[in-house]
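One structure below.
Read-outs: derived from the displayed coordinates by stated rules, not from any lab. The structure presented is a predicted model; accordingly, all values stated were derived computationally and were not measured. Ideal geometry is used to build each Cβ from the backbone, glycine not excepted, and the neighbour counts take in all protein chains shown.
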Amino acid sequence: MEHLGRPRLPQTPAALSRPGIRSGHTPDREPDPATDPATDHIPDPAPAATAPVRARTPGVGAGVPTRRSLLRTGLAVGAAATAALAGDLWAGQGTAAAATVDYPSATWAPASTANYTASNRPTSYPINLVVIHVTQETFADTIRLFQDPAHAACAHYVVRSADGAIDQCVREHDIAWHAGNWDYNTRSIGIEHEGWVDQPSYFTTAMYHASAALTAAICDKYGIPKDRNHIIGHSQVPGTDHTDPGPNWDWVRYMRLVNGT
Ligand SMILES: [Zn+2]
């Protein structure tokens with residue numbers, strides 16, 4: 001994100017649905033999702049639909065459980081019990097949706113589905129970039145904006161300045177609209193940092209450490225090299241007019257933390 005006080009262009013959903021309306025700006029999303037034949041827009045089939053249908057061999061094992069089927073049943077029951085227990089634990093903490101985060105210490109704060117493109121990365125697109133942003137908003141306002149279906153932008157993660165707390169707003173397999181460039185969006189994870197590019201006091205030690213640990217985990221997961229060719233600032237995205245994270249972001253410190261050196 002980062003608007004530098006520039007007036008926002010009107011970004012109503014109606015305007016966004018008209019191809020070509022964003023002339024002069026690199027699209028943050030596909031030109032025409034309504035007619036795009038890509039499977040990205042087709043929701044994942046329910047697990048039951050993908051389960052292989054097993055033909056039953058007549059006369060064999062009908063009613064007499066084999067050792068294998070008993071084992072299978074036992075495992076299934078065990079798994080179900082574990083899942084139920086986990087569900088109870090999550091529900092007991094009032095964070096049922098927390099089970100959907102990709103980064104264990106993040107808190108799930110889902111963005112509006114109108115602000116990103118559902119996908120199944122890294123199958124649909126490789127993930128080989130991390131894009132670093134500065135919000136130009138407070139943490140709370142950023143989460144609110146991401147939940148506003150008219151905002152037309154969001155990032156996967158938002159890191160809080162004061163304590164490095166991390167909210168995840170979009171699943172990593174989905175394509176968040178954060179880079180202002182569809183190609184870069186398809187192959188990146190976007191991380192927002194609470195603060196303003198001209199106020200370095202927002203870039204706290206807690207934030208650097210928490211964000212670097214997150215980026216390192218993302219790089220390890222997808223095999224992304226931990227270098228400045230793959231961990232980039234929003235300002236480095238071709239076609240962008242954004243300047244974040246700006247000159248006050250300490251890249252040397254950040255990259256050392258990401259690399260654990
Ligand atoms: Zn940005």
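Grouping the Cα pair distances of the range 98-255 into 5 Å bins from zero gives a pair-distance distribution of 2, 10, 20, 26, 24, 14, 4, 0 percent in increasing distance order.
Stokes-Einstein diffusion of the range 93-167 at 4 °C, 1.567 mPa s viscosity, Kirkwood radius from Cα pairs, rounded to a whole number: 95 µm²/s. Based on the Cβ-Cβ distance from A114 to D141, what FRET efficiency comes out when R0 is 22 Å, to the nearest 0.05? Efficiency, rounded to the nearest 0.05: 0.75. If I model a spin label at A217 and R256 as a point 7 Å from the Cα along the Cα→Cβ vector, what separation in nanometres do I get? Output for this residue pair reads 2.4 nm. For the range 102-259, DSSP calls about 30 percent of its internal beta bridges antiparallel.
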